[in-house]
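Engineer: Dropping a structure here in structure tokens format, bear with me for questions.
The values are calculated or read from the model by the stated rules, or taken from the named source; none is laboratory data. Predicted model, so just to flag it, every value in this text is computed and none were measured. Don't worry about glycine lacking a Cβ; one is built from the backbone with ideal geometry, like all the others, and counts go over all protein chains shown. In case anyone asks, the SASA skips ligands and DNA or RNA and just uses the protein heavy atoms, side chains included. Shrake-Rupley method; radii C 1.70, N 1.55, O 1.52, S 1.80 Å.
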Amino acid sequence: MIRIKKEGELLKPTALEFENEGVLNPATIRKGDDILFYYRAVEKGNHSSIGFCRLSGPLTVTERWTKPLLFPEHDYEAQGLEDPRVVKIDDVYYLTYTAWDGANACGALATSTDGIHFEKKGLIVAQMDFPRFKKLASTNFTLNEKYTVYNDFNHRLWDKDVVFFPRRINGKLYFLHRIKPDVQLVAVNDLSELTPAFWEDYFLHLGDHIVLSSKHAHEVSYVGAGAPPVETAHGWLLIYHGVHETKHGYVYVGCAALLDLNDPMKEIARLPHPILVPERVWEVRGDVDNVCFPTGTAVFGDALYIYYGAGDEVIATGIVSITELVNELLAHKSV
Ligand code: BMA
């Protein structure tokens, strides 16, 4: 059974107001031998912004800003910017995050050409109430009752964990997103296609867009995209999070799957066990207990460094051999 080798804590909260409650769930991307590192910084009262660090190599922090890089400016993100992910496609950095307005949690996008100066592009997921979603999604598909259990609130559909693939596939931009309990997949030629009419049609065929559903005990409650998929010769290596409920509350673990390179809707393989489980004190006890929430990776040779929020309070790193992980996945092919 393959498990990530834990390297321990990498980043902790500081006394600075914007990050005095927690630092977690970072977006990471290599730039030469450096890593640009965008993390969720939480101020007491649960107000989040995006902090910035630079790493030299996978584990050495050489620069850390004392002010957030991105912070609330618009109504749709008035209560916080959470859980960023980043990719670079055709010289443009795509940084996605969950925009939280106090009632709605929806995927938003900011883009940049230098990785430092970002232009906010607004929400990129549907802005629809749950009854409308349910009506559309139930037209051609038997909607898992968990969709109702997790989403039937008195506000807009929550759609989080927006994660782009790091390159176009057959000319299209692909991104994962998560309406509980599943992970869904969007493919478009251009982001301008994401109109209300697009989402109406997409939900009408929801069953065709679900790429990952819970399968194993450790992910039985729901799943969510984690880090941007890593391209390997055998498929897109996806590190995602799986959640299961215990008498102590939800437990968040890191999981691995392999998706088809040309058609990521096809799951090639999935591990029947998690690769990253809360065990250490900073994972088991935190602002939220029992959370390992992977959101970024960096490839150095055969080593996959995995960056994750631990206990919703600190950021930790794990390392795994890509060859060993892919081989283990190939031993667990999905039918
Ligand atoms: C999710 C998000 C993450 C968090 C996780 C565990 O819903 O809020 O930011 O790390 O829960 O609490």
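Engineer: Among the residues of the range 229-246, which ones are away from the ligand (no atom under 16 Å from the Cβ) and either modelled with pLDDT under 95 or hydroxyl-bearing (S, T, Y) (or both)?
Structural biologist: Residue satisfying the conditions is T232 alone.
Engineer: Also, quick follow-up: Within the range 7-64, restricting attention to residues that are touching a strand residue (DSSP E or B) at 6+ places or on another chain (Cβ under 7 Å) and among the hydroxyl-bearing types (S, T, Y), which residue is most open to solvent (accessible area, probe 1.4 Å)?
Structural biologist: Among them, the one singled out is T62.
Engineer: Mind checking which residues of the range 307-335 are assigned to a loop (DSSP other than H, G, I, E, B) and within 12 Å of the ligand (Cβ to nearest atom)?
Structural biologist: G311, D312, E313
Table: residues versus (1) open to solvent by 10 Å² or more (accessible area, probe 1.4 Å); (2) hydrophobic (A, V, I, L, M, F, W, C); (3) in contact with a helix residue (DSSP H, G or I) (Cβ under 6 Å, 6 or more places away or on another chain); (4) within 21 Å of W199 (Cα to Cα).
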position: T66; (1), (2), (3), (4): yes, no, no, no
position: Y76; (1), (2), (3), (4): yes, no, no, yes
position: V86; (1), (2), (3), (4): no, yes, no, no
position: V92; (1), (2), (3), (4): yes, yes, no, no
position: A103; (1), (2), (3), (4): yes, yes, no, yes
position: A108; (1), (2), (3), (4): no, yes, no, yes
position: G115; (1), (2), (3), (4): no, no, no, no
position: L123; (1), (2), (3), (4): yes, yes, yes, yes
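Engineer: Taking P264 and the conditions (1) under 17 Å from the mean Cα position of the chain (by Cα); (2) open to solvent by 10 Å² or more (accessible area, probe 1.4 Å); (3) away from the ligand (no atom under 16 Å from the Cβ); (4) not hydrophobic (A, V, I, L, M, F, W, C), which numbered condition does it fall short on, given that it satisfies the others?
Structural biologist: Answer for P264: the failing condition is (2).
Engineer: Can you tell me which residues in the range 126-185 are closer than 27 Å to K266 by Cβ, of a type in the set (S, T, Y) and open to solvent by less than 50 Å² (accessible area, probe 1.4 Å)?
Structural biologist: The answer is Y147, Y150, Y174.
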